[in-house]
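Notes follow once the structure below has been shown.
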Amino acid sequence: MAKAMKATKAMKAKWELKPFTAKEKSPWKAAVSSVRKELKVRKRDHPALFMLGAAGKHLYEAVQEQYKKAGSKNWKLKKFSKKESAPWIAAVASAQKQLHVKSRVHPALFLLSVVRTSIETSL
């Protein structure tokens, strides 16, 4: 049992994302710049939270489109329970606290990158 836990820890320590090629980065850069344009259309109360939410909605719609192409016609997420939503709400609140520690040049991009890094490190 102890050997299995040590092996799992060693594998997690070695796990890393490979660097993305320019061809792989291009669609993501276009997607983020699209969300930035949406953000700048009008003044927002919480621009960083808006950008994070808009990016999430775009990802959700893109995944739905991929499912449709694969042949699954009706794919929708069920409404999340409070128990399922609680860790995500806490994670976003934690990221927002990091945002407010000091003044940022691009707070919305900072919040998006904090969430991405947090998800990556929790895998």
Item checked: Hits in the range 74-110 (condition: closer than 18 Å to His46 by Cβ, among the small types (Gly, Ala, Ser) and assigned to a loop (DSSP other than H, G, I, E, B)) -> Ser103
Next item on the list: Pull up the range 45-89, narrow it to residues that are more than 14 Å from the chain's Cα centre (by Cα) and among the aliphatic types (A, V, I, L, M), then point me to the one that is farthest from Pro107 (Cα to Cα).
Entry: Ala70
Next item on the list: Give just the number: which of (1) surrounded by 12 or more Cβ atoms within 10 Å (Cβ to Cβ); (2) not in a loop (DSSP other than H, G, I, E, B) does Glu65 not satisfy?
Entry: (1)
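Each reported figure results from applying straightforward, stated rules to the coordinates on display, with no laboratory input. If you're wondering where the values come from, they're calculated on a predicted model, not measured in any experiment. Cβ coordinates were reconstructed from backbone atoms using ideal geometry, including for glycine residues, and neighbour counts include every protein chain displayed.
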